[in-house]
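Engineer: I'd like to ask some things about the structure below.
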Amino acid sequence: MKQLTINIADNKFDVFLEFIKTLDYVKVADDEEKALEELQNSLIQVKLMKEGKLPKQSAEDFLNEL
């Protein structure tokens, strides 16, 4: 089995994912989908922090959460 990595615009991601799930020869693992969504959300948060639209968390606060 081969794997393919593609880049898709954020606003088209969900539609594309639903489309490829309809193809009988494509396998989309649920855990991969969840991990990709979480990663995508994390990257959006980082972008918003860089733009000053979300407050940044100190390293000490982050470590205390762990």
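The values are calculated or read from the model by the stated rules, or taken from the named source; none is laboratory data. Note that the structure is predicted; figures quoted are calculated from it, not measured. We place every Cβ from the backbone using ideal geometry, glycine too, and count neighbours over all the protein chains shown. Accessible surface is based on the protein model in full, side chains and every heavy atom, while ligands, DNA and RNA are left aside. Shrake-Rupley method; radii C 1.70, N 1.55, O 1.52, S 1.80 Å.
Engineer: Within the stretch 1-53, report the chymotrypsin sites (Phe, Trp or Tyr not before Pro) that DSSP leaves as loop and that have at most 11 other Cβ atoms within 10 Å. List each step's numbers first, then the result.
Structural biologist: Values: sites: PHE13, PHE16, PHE19, TYR25; in loops: TYR25.
Passing sites in the stretch 1-53 are TYR25.
Engineer: How much mean residue ellipticity at 222 nm does the chain get from its helices, if each DSSP H run of length 4 or more adds -39500 (n - 2.57) and you divide by all residues, to the nearest 500 deg cm²/dmol?
Structural biologist: Per the formula, -19500 deg cm²/dmol.
Engineer: Between PHE16 and ILE44, what is the label-to-label distance in nm when each label sits 7 Å out along the Cα-to-Cβ direction?
Structural biologist: In this crude label model, PHE16 to ILE44 measures out at 1.6 nm.
Engineer: Which of the listed residues, ILE8, SER58, SER42, is farthest toward the dipole's positive end in the chain, when Lys, Arg count +1 and Asp, Glu count -1 at the beta-carbon?
Structural biologist: Value computed over the given set: ILE8.
Engineer: Please report, as a whole percent, how much of the solvent-accessible surface of the chain comes from carbon and sulfur atoms (probe radius 1.4 Å).
Structural biologist: Within the chain, the accessible surface is 55 percent carbon and sulfur.
Engineer: For the chain, max minus min Cα coordinate along each principal axis, in Å, sorted largest first?
Structural biologist: 48, 25, 17
Engineer: Given a 1.4 angstrom probe, what's the average accessible area per residue across the chain, in square angstrom?
Structural biologist: Per residue, the chain has an accessible area of 98 Å².
Engineer: Hey, got the dipole for the chain? About the Cα centre, +1 on K and R Cβ, -1 on D and E Cβ, debye to the nearest 20? Write down the numbers at each step before the final one.
Structural biologist: Numbers: 9 positive and 14 negative charges, 72 e Å.
Using Cβ point charges on Lys, Arg, Asp and Glu, the chain gives about 340 debye.
Engineer: Let me ask something additional. Count of lysine pairs in the chain with Cα atoms under 26 Å apart, counting only pairs 8 or more residues apart in sequence or on different chains?
Structural biologist: Value for the chain: 16.
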